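Taking it in order: structure first as structure tokens, then the write-up.
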Amino acid sequence: MSVPFELVDEEEMQAIEAALRQASAFHRSRMLTAAARAQSSLVLVSASEIFSIVSDIEDSAPLPAALRFPLKKSLCVTDMTALEWCEKQVEFSFLRGKPPKTSAMQAGSARHVELESEVVKRVDVDIRTREDFWAVRFINYLVGTRQLLAEGLTRELPIVAFVEGNWWTGIIDELMLPEGSAGPRLIDTKTRLRQSLPSDAQKRNGRLQLMCYKRLWDTLCEQAIPLDEFFSNFELDPLQELSLSIRSHIVDIKLSSKVDCLKELLGVLQESCTVLPLADQLLKLRYEWQVDRSLIGEEEFMFDPDWLKQRIQFHLQFWNGSRESHLVSQSDEWKCRFCAFADRCKSENQR
Ligand code: SF4
């Protein structure tokens, strides 16, 4: 069965993975993969069939936040930036469902697809199990890092790492490796409805996002993935045979002469990670106007490990259920004017 392409971001990747876990009999789905120039390839998913399963799950009776968050097997970087925006809003989203994407968000997503298509070409592989799903994610990472080293640029790189006691996933927007530089520069492009730079709160979220990505990237370079914990956390069978098309794809793009299962693929990944350089300390946010894609401005800033650690640990207290969610501070109350849960929040919290 062939499924038309849809953009899948890191949260949707998590939703698909969760749906696959929930399905008692795995649905045979098509996954659109991407084979980039020469021997490179990157992969994106299309699985509208699976989303119907997600909807069923989301329609079930809501659980209290402290019970529901731990059901997620990993945290995505966008969870962290959403928490930084407003923890209460994240809690509402979990319990009552996310508000639909705005047209500005959809335009931003479409722009990311366009930027990605400048450096990759898609191919189809079959996804039959969650092990296949994860294999595709790791293939994308491997191919993307090879593309980065060979061509100095890659985009939409999926990443998984164990950081601060939690499994994290994310998709790094862009990595550049200019000639002579020690490590790749992480860049994130934000599209803007208005031709102006964003508020300080939005810039802060962008900075947090990029710092999280650097932390994930560096962790993978410095430490081997704890395999037993990985397979156990995500409830994966390390020896489950991957689909024929995935196994053939791995050989075709010369990632390895033979890989049969996820455990073997992770062996290839661990070897590759050890030769990768740490990411540059300098990170860059790029703001683009949605109307004509002209550059509004760029912001470069240094990685700040202490600030990052403090923000992560603060939000993990809520995420892991050891305290209640916080509302926005008084100085950030303007955010409530744009919040889909404002009425409910006001009545529940008398503000
Ligand atoms: S109304 Fe304000 S405090 Fe309440 S959830 Fe929304 S942004 Fe957060």
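The values are calculated or read from the model by the stated rules, or taken from the named source; none is laboratory data. Keep in mind it's a predicted model, so treat the numbers as computed, not measured. Reconstructed Cβ throughout: ideal geometry from the backbone, glycine too, with neighbour counts over all protein chains shown. The accessibility values were calculated without ligands, DNA or RNA, using every heavy atom of the protein model including side chains. Shrake-Rupley method; radii C 1.70, N 1.55, O 1.52, S 1.80 Å.
Spot the failing condition for I296; the list is (1) away from the ligand (no atom under 16 Å from the Cβ); (2) assigned to a loop (DSSP other than H, G, I, E, B); (3) over 22 Å from the mean Cα position of the chain (by Cα), and only one is missed. Condition not satisfied by I296: (2).
For every residue, the table says whether it meets (1) at pLDDT 95 or above; (2) assigned to a helix (DSSP H, G or I); (3) within 30 Å of F301 (Cβ to Cβ); (4) not aliphatic (A, V, I, L, M).
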| residue | (1), (2), (3), (4) |
| --- | --- |
| Y213 | yes, yes, yes, yes |
| L216 | yes, yes, yes, no |
| D228 | yes, yes, no, yes |
| L239 | yes, no, no, no |
| V268 | yes, yes, no, no |
| A279 | yes, no, yes, no |
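Taken over region 311-337, the criterion of being assigned to a loop (DSSP other than H, G, I, E, B), within 16 Å of D200 (Cβ to Cβ) and either in contact with a Phe, Trp or Tyr (Cβ under 9 Å, 6 or more places away or on another chain) or open to solvent by less than 50 Å² (accessible area, probe 1.4 Å) (or both) is satisfied by V328 alone.
Pull up region 277-310, narrow it to residues that are acidic (D, E) and open to solvent by less than 80 Å² (accessible area, probe 1.4 Å), then point me to the one that is nearest to L175 (Cα to Cα). Top of the filtered list is D280.
Looking only at residues of region 179-211 that are closer than 13 Å to D280 by Cα and in contact with a Leu (Cβ under 9 Å, 6 or more places away or on another chain), we find that the one that is most open to solvent (accessible area, probe 1.4 Å) is A182.
Say whether the condition of being buried (at least 17 other Cβ atoms within 10 Å of the Cβ) and free of Cβ contacts under 8 Å to residues at least 12 places away in the same chain is met by at least one residue in region 261-274. So far as region 261-274 goes, yes, one or more of its residues are buried (at least 17 other Cβ atoms within 10 Å of the Cβ) and free of Cβ contacts under 8 Å to residues at least 12 places away in the same chain. Would you call L83 in a helix (DSSP H, G or I), open to solvent by 20 Å² or more (accessible area, probe 1.4 Å) and within 16 Å of the ligand (Cβ to nearest atom)? No, not satisfied. Within region 313-334, residues that are among the charged types (D, E, K, R) have Cβ atoms under 9 Å from residues that are more than 12 Å from the ligand (Cβ to nearest atom) in these pairs: R323/Q317; E324/A65; E324/A66; E324/F318, counting only partners at least 6 apart in sequence or on another chain.
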